[in-house]
Amino acid sequence: MSISPEMKAMIDAPLADAVKINLPAGKRPAPRSRVEHGDDIGCPEVSVRELQERRKRAAQEKLDKLFDYYAGTKLDASKVAEHMGLYRQEQTGTDDKGRPVFTKVLDVERASVQLEWRRAR
């Protein structure tokens, strides 16, 4: 059984857009429809502020769980900050126009405070 060169090329190519796999040659994809907010589920719409608070709370819960896990290990604060990707901005100076220049630095102080507090409990 032989595979056509077009199908062989599609199989060997990396999958960039899954929608394009089912398109016949020369056809355009169907436009994506927008979901209307007035659905019949009965869920109230979430304001931007509530959405930001939910995201902030979810991120903080994730960090708390990770800190609780790392508090049970014997890793030092610098390794924990590196593993968790904790960075803070530190001003290194100013540019020619007087605007501040910032760099990202590992936040070892925050990690050490959190680990000490959790290990003491």
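The values are calculated or read from the model by the stated rules, or taken from the named source; none is laboratory data. Note that the structure is a prediction, hence the values are computed from the model and not measured. When we count neighbours, we look across all protein chains shown, and the Cβ atoms used for this are built from the backbone with ideal geometry, even at glycine.
Which one of Glu82, Glu45 is among the charged types (D, E, K, R) and either under 21 Å from the mean Cα position of the chain (by Cα) or assigned to a helix (DSSP H, G or I) (or both)?
Exactly one of Glu82, Glu45 is among the charged types (D, E, K, R) and either under 21 Å from the mean Cα position of the chain (by Cα) or assigned to a helix (DSSP H, G or I) (or both), namely Glu82.
Condition test on Arg57, is it of a type outside the set (Asp, Glu) and over 30 Å from Ala120 (Cβ atoms)? No.
Restricting Lys20, Lys56, Lys104, Lys62 to residues that are among the basic types (Lys, Arg) and modelled with pLDDT under 70 narrows the list to Lys20. Please give the number of the condition Val101 fails out of (1) part of a strand (DSSP E or B); (2) closer than 24 Å to Lys65 by Cβ; (3) among the hydrophobic types (A, V, I, L, M, F, W, C). Among (1) part of a strand (DSSP E or B); (2) closer than 24 Å to Lys65 by Cβ; (3) among the hydrophobic types (A, V, I, L, M, F, W, C), Val101 violates only (2).
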